[in-house]
Amino acid sequence: MNKPRGELFELELFGDDVERRYRRMRPEVEQMPWGTFDTSGISEKALVIARKQWTLAAFQEHRTAIACTAALRALMECRAPVDLVALAARFPLDELVHVELCSRMAMELGGGTEVRHDPDELILDAPAELSPLLRAGHMIVRFFCVGEALSIPLLRSTWKAARHPLPRTVLGRIVRDEAAHGTFGFAFLDWALPLLSEDDRTLFGAAADRAISAISRQWESIRKNRSADYDASVGDALGWMQTDSYLELAARSMQARVREPLLLRGIPLRA
Amino acid sequence: MLGRKRKGRKLLVATLGVAAVSYVGCGDDDRNPTVANLVGPPLDSGADAKDASDAKDARDADVKDVGFPRDVVANLVAPDLGVE
């Protein structure tokens, strides 16, 4: 038997006083209706899908927490305005809370599924040879101006599609937090733009192109692999949108929330 | 010195090996560059959501690259609700 690749994505809480202090920072987590999801009406097949998707959502939030932390370091290194950096300092905690919420959703449905990964390869750092300002911009354009800006409308619609109170509450919390993340990248650009040369803006445009292209390829994969039949019981468990609605909204949002605000700020795009 | 005793607990446990086993590759690759909370891609949800009986046998065999490109950091929520 071959040894499996990568490390298993599992998580723990320290407990005791550390957990109590964490709970005081975000008391809303324990107030959510945990333990109320009745899985008896959901097929085993649908449950597996739901457990896997919530596990992957936790993994994606974990990656986003790392991305926010990397961007935060670069913001400090380039001496960005203190209030702007302070706003970003909240983001890693937000993402950690989302990791917990998605993990607990998976556990609520029966437990996580196996996700293996390489912890050294979770995000793409900015090229080390860039100046601190350009390193910050390279990451912020990709993580915030593209990724997080696009997340806002997609998450909001997913939240509206959720019917059960538990996933609806979980997604509602994530939506509220992400609203600030989604606008942050453009606030950074509004500060940084006067400091940038044309070459710098071209560099940021190329970074945005890379992220946009990657997301577009994921959507293409979704379009190709989607199933024609909609299983309502899966929708209940996941709290997700249906594929066609998702893809339509995603394309619209990429234009309005990502491309147009970047172009408006003189960031050239090809993707 | 072994440190203080504590009552930690598991937050996320992979209790289902199954056909749901995924290898999430995030390599530095132009084909694979994303990080976002964009609702996750459909991945292989429909295809590998098999019955539990199938799952045990598939545990070691069905390892798939899901691919969250390193450039994609976002709350992409997976929309694939279809079941094959």
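We did not get these values from a lab; they are worked out from the coordinates using the rules stated. Everything numeric here is computed off the predicted structure, so don't read it as measured data. Counting neighbours? That spans all protein chains shown, and the Cβs are built from the backbone with ideal geometry, glycine included.
On a 0 to 90° scale, report how tilted helix A:44-77 is relative to the longest principal axis of chain A, with both axes built from alpha carbons and the result rounded to the nearest 10. Helix A:44-77 sits at roughly 30 degrees to that axis. Distance check, please: which entries in A:K45/B:K7; A:K52/A:K160; A:K224/B:K10; A:K3/B:K7 exceed 27 angstrom between their Cα atoms? Exceeds cut-off: A:K45/B:K7; A:K224/B:K10; A:K3/B:K7. Dipole size of chain A about its Cα centre, with +1 on Lys/Arg Cβ and -1 on Asp/Glu Cβ: approximately 540 debye, rounded to the nearest 20. In whole Å, how far is the Cα centre of region A:169-213 from that of region A:1-80? When both Cα centres are located, 23 Å separates them. Partner shielding of A:148-159 amounts to 5, given as the average count of beta-carbon atoms from other chains within 10 Å of each residue beta-carbon.
Computed from Cα atoms alone, the Kirkwood hydrodynamic radius reported for region A:60-133 is 14.1 Å. Sorting A:70-79, A:147-156, A:244-253, A:179-188 by their mean Cβ neighbour count within 10 Å, with the most densely packed peptide first, gives A:147-156, A:179-188, A:70-79, A:244-253. If you take all other residues with their beta carbon under 14 Å from the beta carbon of A:L264, and give Lys and Arg +1 and Asp and Glu -1, the sum is +2. The C-alpha atoms of chain A define a longest principal axis, and helix A:165-192 lies at about 10 degrees to it. If Lys and Arg each add +1 and Asp and Glu each add -1, what is the summed charge of the other residues whose beta carbon sits under 9 Å from the beta carbon of A:E12? With Lys, Arg at +1 and Asp, Glu at -1, the net is +1. In nm, to one decimal, how far is the modelled label at A:L193 from the one at A:L11, with both set 7 Å along Cα→Cβ? Placing both labels 7 Å along Cα→Cβ, they lie 3.6 nm apart. Counting only other chain Cβ atoms within 10 Å of each residue's Cβ, the peptide A:106-112 averages 4. Remark: mean inter-chain Cβ contacts per residue of A:119-130 equal 3, using a 10 Å Cβ-Cβ cutoff to other protein chain atoms. Against chain A, whose longest principal axis comes from its Cα atoms, helix A:91-108 is set at around 20 degrees.
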